[in-house]
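Structure first, then comments.
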Amino acid sequence: MNPEPFVNPPVYTIIMVTNFFAIAFGFIFKDMLEYQVAKWDTNRQSEKQITYDTPDIRIAYIGMCTFLSLFMGASLSVFGLTSWLSYAIGAVIVLLPALLVWVQLGSMLSLLVSGGSEAVDIDSYGAGQKFDIQAPKPSK
C-alpha cells in the first residue's frame with residue numbers, strides 16, 4: 001500500500017486565490033458605493049447627483065472584474081481547454097456583462113436621485129417611473 005502524496009495542481013490554487021480576491025474586491029466595491037449613496041443622502045440639498053465614478057470605485061470594480069475573469073479562465077482550463085482559449089472565453093463571459101452593469105449602475109443611481117428609493121424598487125406602483133413625493137398614494 002503506497003499512499004500518494006497530496007498534490008495541489010497550480011490551476012486549483014489559481015482558482016482559489018482569484019476567487020478570494022474577486023470576492024474581496026466585490027466587498028470593497030459594495031462598501032464604497034454604499035458610502036457614496038449614504039454621503040449623497042445626508043447632503044441631498046448640496047449634491048445633485050451620486051458620484052459613483054471616482055477613481056477608487058473604478059479601481060475596485062476593475063479589480064473585481066479582472067480577478068473574476070482570471071477565475072473563470074482558470075475554472076474553464078480544468079475542463080481541458082488550452083490556456084489562451086479558456087482565459088479568452090472567461091474574459092468575454094465576464095467583461096462584456098461587466099461593462100453593461102457599469103452603464104446600468106449610472107442610470108439606476110440617477111433614477112434614485114430623481115425619484116427616490118421608490119423609483120428603483122420594482123415592486124412599487126409604477127415601477128421605474130419618476131415619482132412625485134407630494135402626490136397621494138393610490139388607494140387599493
| request: Go through the range 64-75 residue by residue and turn each phi into a ³J(HN,Hα) via Karplus (6.51, -1.76, 1.60, θ = phi - 60°); whole Hz please, and just put x for glycine and proline. | output: 4, 5, 5, 5, 5, 5, 5, 4, 5, x, 5, 5
| remark: Scalar couplings 3J(HN,Hα) for the range 84-99 by Karplus 6.51 cos²θ - 1.76 cosθ + 1.60 (θ = phi - 60°), nearest whole Hz, x for Gly and Pro, are 5, 6, 5, 6, 5, 5, x, 5, 5, 4, 9, 6, 5, x, 5, 5
| How high is the FRET efficiency between Ala38 and Ser114 when r is their beta carbon distance and R₀ equals 22 Å, given to the nearest 0.05? | 0.75
| remark: Candidate cut points under chymotrypsin sites (Phe, Trp or Tyr not before Pro) in the range 3-99, DSSP loop plus at most 16 other Cβ atoms within 10 Å of their own Cβ, are Phe6, Phe79
| request: Just order 108-115, 96-103 by mean Cβ neighbour count inside 10 Å, highest at the front, would you? | output: 108-115, 96-103
| query | FRET efficiency for Leu100 and Ile59, Cβ-Cβ distance as r, R0 = 22 Å, nearest 0.05? | reply | 0.65
| remark: The ³J(HN,Hα) series, computed from each phi in the range 102-112 with the Karplus coefficients 6.51, -1.76 and 1.60 at θ = phi - 60°, rounded to the nearest Hz and given as x for glycine or proline, is 5, 5, 5, 4, x, 6, 5, 6, 5, 5, 5
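Computed from the coordinates by the stated procedures, all read-outs in this text should not be read as laboratory data. This structure is a prediction, so every number in the text was calculated from the model and none was measured. Every residue, glycine as well, gets a Cβ built from its backbone with ideal geometry; the counts of neighbours run over all protein chains shown.
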